[in-house]
Amino acid sequence: MRIRLVMLGVAVLMGGCGASLPPLATVDRVDLPRFMGDWYVVANIPTWIEQGAHNAVESYRLEPDGTIATTFTFRKGGFDGPRKTYNPRGYIRDRSSNAVWGMQFIWPFKAEYLIIHLNESYTQTVIGRSKRDYVWIMARTPDIPETDYRRIVEQLAAAGYDTGQIRRVPQRWP
């Protein structure tokens, strides 16, 4: 009986470990058709798949069933490295804002995908996760002004991200 109580106590404590971070705020509203298209990954806290990515681009297409067909492409290890392509599917989880998605790489698992920044002109966005383990700073162009980049990184720090983990994604286009 004591072992069960100790295990229950540990489980409760472990469950509360992530509770120290406040919820990650998303943008109020995303116009999905306007959000669709190509987004260059300017910087990120990369997943293991993205380590060494160059010329990373995420493309979205709204499907008739309301899902988001996604194509993520990059060159592995350098600008001349092998081209990698992944095709996860996005699912809108909050239709009132369209800012909370699930991104499915492998069935049945859907990774959290939160649109936490989107400028008025729909030219810069930031995708985050509540755990603050990954983040993607993206733009409609391969680069953004340094002042915009610094402002976004400051906002991420204020939101609880370890900004020392953010890496610029090398982009070089003809």
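The values are calculated or read from the model by the stated rules, or taken from the named source; none is laboratory data. Fair warning: this is a prediction, and the values are worked out from it, not measured in the lab. Positions of Cβ are generated from backbone atoms using ideal geometry, with glycine treated the same way; all protein chains shown enter the neighbour counts.
State which residue pairs qualify: first residue under 16 Å from N98 (Cα atoms) and inside the range 50-71, second residue of a type in the set (D, E, K, R) and in a loop (DSSP other than H, G, I, E, B) in any location, beta carbons under 7 Å apart, and separation of 6 or more residues or different chains.
That search, which allows pairs on different chains as well, returns A69/E63.
If you go through the range 125-163, how many residues are touching a residue at least 40 places away in the same chain (Cβ under 8 Å) and in a strand (DSSP E or B)?
Final tally of qualifying residues: 7.
Which ones in the range 44-61 are surrounded by 14 or more Cβ atoms within 10 Å (Cβ to Cβ) and aliphatic (A, V, I, L, M)?
I45, A53, A56, V57, listed by residue number.
Can you confirm whether V27 is part of a loop (DSSP other than H, G, I, E, B), β-branched (V, I, T), at pLDDT 95 or above and over 21 Å from G164 (Cα atoms)?
When the stated conditions are applied, V27 passes them.
Going through T147, T73, T123 one at a time, which residue ends up being in contact with a strand residue (DSSP E or B) (Cβ under 9 Å, 6 or more places away or on another chain) and farther than 21 Å from T47 by Cβ?
Step by step, each of T147, T73, T123 is checked, and only T123 is in contact with a strand residue (DSSP E or B) (Cβ under 9 Å, 6 or more places away or on another chain) and farther than 21 Å from T47 by Cβ.
When only residues in the range 112-154 that are surrounded by fewer than 19 Cβ atoms within 10 Å (Cβ to Cβ) and under 23 Å from W48 (Cβ atoms) count, which is farthest from the chain's Cα centre (by Cα)?
So the residue we want is V153.
Within the range 79-97, is there a residue that is buried (at least 17 other Cβ atoms within 10 Å of the Cβ), farther than 22 Å from R150 by Cα, β-branched (V, I, T) and at pLDDT 95 or above?
Looking for residues that are buried (at least 17 other Cβ atoms within 10 Å of the Cβ), farther than 22 Å from R150 by Cα, β-branched (V, I, T) and at pLDDT 95 or above, one finds at least one in the range 79-97, hence yes.
Specify which of the listed residues (K110, K131) is at pLDDT 95 or above and either farther than 17 Å from V27 by Cβ or basic (K, R) (or both).
K131
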